[in-house]
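Worksheet: the structure to be examined is printed underneath.
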Amino acid sequence: MLRYSDLSDVLAIERTSFPSPWSLGMFAMELAKPSTIRIAARVNEVGHGLKPVPTESKLAGYLICSRYADVWHLMNVAVAPDFRRRGIASSMVHELLGRLEDDARVTLEVRESNAGAIAMYELLGFRAAGTRPGYYPDNGESAVIMWLNPPRGEW
């Protein structure tokens, strides 16, 4: 579980992951909501030498998903640069989906240019259902709206 004590590491990952990173206040607000699912991916750092010695675990990534009425909104998924392309993001989404009802409706927005994330979400069963033009304020890029188990008539 993602904890308040993780927030300095979360902010560091957030700043390296997104052109318009969330603020500390935005994360604190989401962590305070009882309807928020927060997942932390941790890895053990290892020492030097022939036999690696585990030391403290390090935050490698995080996921935040909030429920609004009868829909779950996957708000934020990020992995530290040193740990990307190892399946951590998809593992966190799998963990999230394992916590939800089988027919839970989940939605998210992702930058149109983020082909890697779109491909990952499609492999997990999400489908594009439209776009939000100019969604990202930093550069005006549009977002792809994706759904898992969309509301009836959405597709």
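Of all residues being under 22 Å from residue 19 (Cα atoms) and of a type in the set (S, T, N, Q) in the stretch 79-109, which is farthest from the chain's Cα centre (by Cα)? Just the residue, please.
107
Every residue in the stretch 64-86 that is loosely packed, with under 13 Cβ neighbours inside 10 Å and outside any strand (DSSP E or B), please.
69, 70, 81, 82, 85
Out of the stretch 13-36, which residues are surrounded by 10 or more Cβ atoms within 10 Å (Cβ to Cβ) and free of Cβ contacts under 8 Å to residues at least 12 places away in the same chain?
Passing the criteria: 15, 21, 23, 26, 29.
For the stretch 66-78, enumerate the residues that are touching a Lys or Arg at 6+ places or on another chain (Cβ under 8 Å) and closer than 20 Å to residue 22 by Cα.
Passing the criteria: 66, 72, 73.
List every residue pair whose Cβ atoms lie under 6 Å apart, where the two residues are 6 or more positions apart in sequence or sit on different chains, the first residue falls within the stretch 104-115 and is of a type in the set (Asp, Glu), and the second residue, located anywhere, is surrounded by 17 or more Cβ atoms within 10 Å (Cβ to Cβ) and in a strand (DSSP E or B).
Taking only residues 6 or more apart or on different chains, the pairs are 109/143; 109/145; 112/144.
From 28, 60, 128, grab the single residue that is assigned to a helix (DSSP H, G or I), of a type in the set (Gly, Ala, Ser) and at pLDDT 95 or above.
None of the other options fit; the residue is 28.
Checking the conditions here, which among 133, 137 is under 20 Å from residue 21 (Cα atoms) and touching a residue at least 12 places away in the same chain (Cβ under 8 Å)?
From the options 133, 137, the qualifying one is 137.
Of (1) among the hydrophobic types (A, V, I, L, M, F, W, C); (2) out of contact with any helix residue (DSSP H, G or I) (no Cβ under 9 Å at 6 or more places or on another chain); (3) at pLDDT 95 or above; (4) farther than 23 Å from residue 31 by Cβ, residue 96 satisfies all except one. Which?
Result: residue 96 fails condition (4) only.
The values are calculated or read from the model by the stated rules, or taken from the named source; none is laboratory data. Remember, predicted model here, so these are calculated numbers, not experimental data. Here Cβ is always computed from backbone atoms with ideal geometry, including for glycine, and neighbour counts include all displayed protein chains.
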